[in-house]
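What follows is one structure encoded as C-alpha cells, with my remarks underneath.
The values are calculated or read from the model by the stated rules, or taken from the named source; none is laboratory data. Computed from a predicted model, the values in this text were never measured in an experiment. Positions of Cβ are generated from backbone atoms using ideal geometry, with glycine treated the same way; all protein chains shown enter the neighbour counts. The accessibility values were calculated without ligands, DNA or RNA, using every heavy atom of the protein model including side chains. Shrake-Rupley method; radii C 1.70, N 1.55, O 1.52, S 1.80 Å.
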Amino acid sequence: MENTPICSRFAPSPTGYMHIGNLRTALYAYLLSRSTGGKFIVRIEDTDRERLVEGAVDVILGTLKVTGLDYDEGPVVGGPNGPYTQSERKPIYREYAEKLVSLGHAYYCFCTPERLAELHEENENGGYDRHCRNLPADVVKANLEAGIPYVIRQKIPLEGTTSYTDEVFGEISMENKEMQDQILLKADGYPTYNFAHVVDDYLMGVTHVVRGSEYLTSTPKYVLLYDAFGWERPHYCHLPLLMGKDADGKISKLSKRHGAVSFQDLVKNGYLPEAIVNYIALLGWCPKNTNQEIFSLEELKGLFGIEGINKSPAVFDYEKLRWFNSEYIKALPDDRYNALAVPALKKVCGDNVDVYKLAELLHSRLACFGDIPETVRFINERLPMEDPASLYANKKNKTTAESCKAVLNDVLPMLELTEAWDNDSLFELLKGYAEGIGIKAGAVMWAVRIAVARQAVTPGGATELMTVLGKNETVQRIKLAISEL
Ligand code: GLU
C-alpha cells in the first residue's frame, strides 16, 4: 500500500480554536498522503451554522501554515474539486440526497418539530420512529407541492449487520437495528455532517479518511451511504483518544484543566511550532526500529505509516513537550532565537542589563520562552533571601555562610577596583584570588554567584551573571550580601 498514492483530507469545523487533537489529526492525514506522494486536501465543514465561530477558519489555515502542513487543494489555493467550504456546496448535497431518495435509500420526512419533541419526551433515547419512512408516493408528492417543510433521512436497513475494517482499530460491526434513520438534509437545506462529508470525500477522491475515534462507531452509517450509492468505500483510519493526566494520577479526555490545549495557547506560552509538531507526531504513532525522538517534518514524511499508529489512548505529557521544546530552542539559529528571547527579556529587565548577553546565557538552558519572566526575575529584582545559611552552604565546594562571608569581604575591593568587566577577566581575577589563598575556585564562585543572584538556580555561573548585571549592581549586591551574613 505504501506505493499507492494516498489522498487524505483534513476536514475541520470552524467552531473555535485549534485543539491539539485536531492538529494531530491534520498532521497524521498530511503525513499519510505525503509519505506516499499522494494528495492532501483541506475542507471546511461549516454546515452546522449555529456552532460557527467568526475567525475560526483563519485560525485553522494559519495553524496549517505555521506548522508547514501545505495542502494541494482547499480554501485559498482552490483545486479541481472545489469549492472546499461546505456552505458553498449546498446544491451538490441536495442533488445527492434526492438521488438517494430515488435509489430507495433515503426518504422525505415531514414530521413537525412539535411531533419530534413529543416523541423525544415519551422516549428520550428512542430516536425517530420512522413515521415517514413508508409514506405513499402520492402523499410525498402532494406535501412537496404544498411546500410543507421536510428533511431527508437515511433509510437504514432494518435487519442485518454493517461492518467495516478500520486500519487502526480493526473490524467494527454494528447491528443495523441499532442505527437511527439519521437526517441527511435539514429543513434549512443544509446537509448534516453525516451526509456532507461522505458526499465530499467521494467527490474529492479521498482514499483515506483520517479522524478522531469519536467517529469510529458512527462510520457504519457512512459506509451504508457509500454502499447505497454504489461507491467504493474509503479506508478508515481512526486515531486514538488524546488524554491528559489528572491531579490524582488518573487519565481523562484532554481538556483545559490539564493545561493549554490549543495550538495558539501553546505558542503563546512559549512553545515552538516545530517542537509541538514533533511531539504530537509521536502521540499515538511510533516509528519502526528506532529510538530517535527528534524528527523534522521532512523526516516524518519519509517515515510515517498507518502500521505505526497505536490504538490505545495517548497521554499528553506537558513535561515531555517541554523537553522537545528545549531541544528545539537549543537548535535555533541565533537570529531566530534572539527575535523570540530578546523582546521577552527586555520586558522583564528593561534596558538596565545586557539582554543579548543574558539571551546567550539562556540559549542552552531554556525549556520554554514562557519561563523567561520567572527565570530572570532575579536579574531585575534583589530577591529576598529566605534561608541564607543553606543557600551559601555547598558540600561539593565545602562552603558555609561563614566561609562565603570571608570570601565576599576579600573580593569586594578587588571587584571595585577592576576596570576589566568581561567574563574572562573576572574569571581570572576570582580564580587568581582562590589560588592565592589556597581554596577551590569553585568555593569562590559559589559565594559570589549566590551573593549576586540571591537564589540557588541560575542561568549561568558567577562571572557570567556579573557581566550581565554590570559592575555597579554587582558591587551593590555583594555589599548587601555581606551586611546580611
Ligand atoms: N468536521 C469534523 C470535525 O471537525 C470532521 C470529521 C471528519 O474528519 O470526518 O470533527
Note to self: I'm checking my understanding of the structure. Among residues of the range 371-396 that are crowded, with 18+ Cβ neighbours inside 10 Å and not aliphatic (A, V, I, L, M), which one is nearest to D351 (Cα to Cα)?
What the structure shows: F378
Next item on the list: For the range 60-69, state whether one or more residues are within 12 Å of the ligand (Cβ to nearest atom), of a type in the set (D, E, K, R) and surrounded by fewer than 18 Cβ atoms within 10 Å (Cβ to Cβ).
Entry: no
Next item on the list: Could you list all residues from the range 208-235 that are part of a loop (DSSP other than H, G, I, E, B) and in contact with a helix residue (DSSP H, G or I) (Cβ under 9 Å, 6 or more places away or on another chain)?
Entry: S218, W231, E232, R233, P234
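Conditions tested, residue by residue: (1) under 18 Å from A260 (Cα atoms); (2) among the charged types (D, E, K, R); (3) open to solvent by 10 Å² or more (accessible area, probe 1.4 Å).
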{"site": "Y17", "(1), (2), (3)": "yes, no, yes"}
{"site": "I41", "(1), (2), (3)": "no, no, no"}
{"site": "R49", "(1), (2), (3)": "no, yes, yes"}
{"site": "V53", "(1), (2), (3)": "no, no, yes"}
Margin query: So the check is Cβ under 7 Å with 6+ separation or different chains; which pairs have a first residue in the range 213-235 that's within 14 Å of the ligand (Cβ to nearest atom) and a second one that's of a type in the set (D, E, K, R) and open to solvent by 20 Å² or more (accessible area, probe 1.4 Å)?
Written below: V223/R233; Y226/R233; H235/E167
Note to self: Restricting to the range 71-88, give me the number of residues that are part of a helix (DSSP H, G or I) and surrounded by 14 or more Cβ atoms within 10 Å (Cβ to Cβ).
What the structure shows: 2
Check: Tell me, which residue of the range 418-436 that is outside any loop (DSSP other than H, G, I, E, B) and of a type in the set (S, T, N, Q) is surrounded by the most Cβ atoms within 10 Å (Cβ to Cβ)?
Finding: N423
Notebook entry, point to check: So which residues in the range 287-324 are over 17 Å from the mean Cα position of the chain (by Cα) and either assigned to a helix (DSSP H, G or I) or at positive phi (or both), if there are any at all?
Noted result: N289, E298, E299, K301, G302, L303, I306, E307, G308
Notebook entry, point to check: What pairs come up if the first residue lies in the range 40-58 and is over 18 Å from M204 (Cβ atoms), the second is small (G, A, S) and open to solvent by less than 10 Å² (accessible area, probe 1.4 Å), and their beta carbons are under 9 Å apart, counting only those six or more places apart or on different chains?
Noted result: none
Note to self: Given the criteria closer than 30 Å to A29 by Cβ, of a type in the set (A, V, I, L, M, F, W, C), open to solvent by 30 Å² or more (accessible area, probe 1.4 Å) and modelled with pLDDT of 95 or more, does I156 qualify?
What the structure shows: no
Next item on the list: Give the residues of the range 6-15 that are at pLDDT 95 or above and open to solvent by 40 Å² or more (accessible area, probe 1.4 Å), sorted by residue number.
Entry: S13
Item checked: Filtered residue count, the range 236-253, keeping only those that are within 16 Å of the ligand (Cβ to nearest atom), outside any loop (DSSP other than H, G, I, E, B) and either under 24 Å from E178 (Cβ atoms) or open to solvent by 80 Å² or more (accessible area, probe 1.4 Å) (or both) -> 5
Next item on the list: Please enumerate the residues belonging to the range 20-39 that are within 11 Å of the ligand (Cβ to nearest atom), open to solvent by 10 Å² or more (accessible area, probe 1.4 Å) and touching a Leu at 6+ places or on another chain (Cβ under 8 Å).
Entry: G21, T25
Notebook entry, point to check: Taking D129, is it open to solvent by 30 Å² or more (accessible area, probe 1.4 Å) and touching a Leu at 6+ places or on another chain (Cβ under 7 Å)?
Noted result: yes
Note to self: Could you go through the range 428-436 and let me know if any residue there is within 23 Å of Q476 (Cβ to Cβ) and in contact (Cβ under 8 Å) with a residue 40 or more places away in the chain.
What the structure shows: no
Next item on the list: Just give me the residues in the range 1-19 being away from the ligand (no atom under 12 Å from the Cβ) and either within 19 Å of L203 (Cα to Cα) or over 11 Å from the mean Cα position of the chain (by Cα) (or both), in sequence order.
Entry: M1, E2, N3, T4, P5, I6, C7
Check: Restricting attention to the range 152-189, which residues are farther than 16 Å from A106 by Cα and within 16 Å of the ligand (Cβ to nearest atom)?
Finding: Y164, D166, E167, V168, F169, I172
Check: When the residues of the range 132-153 are filtered to those that are over 43 Å from the mean Cα position of the chain (by Cα), open to solvent by 70 Å² or more (accessible area, probe 1.4 Å) and not small (G, A, S), which remaining residue is nearest to F229 (Cα to Cα)?
Finding: N134
Margin query: Tell me the residue from A447, A453 that is modelled with pLDDT of 95 or more and within 39 Å of the chain's Cα centre (by Cα), please.
Written below: A453
Notebook entry, point to check: In the range 295-333, how many residues are among the charged types (D, E, K, R) and in contact (Cβ under 8 Å) with a residue 24 or more places away in the chain?
Noted result: 7
Next item on the list: Return yes or no: is L203 over 20 Å from L23 (Cβ atoms), hydrophobic (A, V, I, L, M, F, W, C) and open to solvent by 40 Å² or more (accessible area, probe 1.4 Å)?
Entry: yes
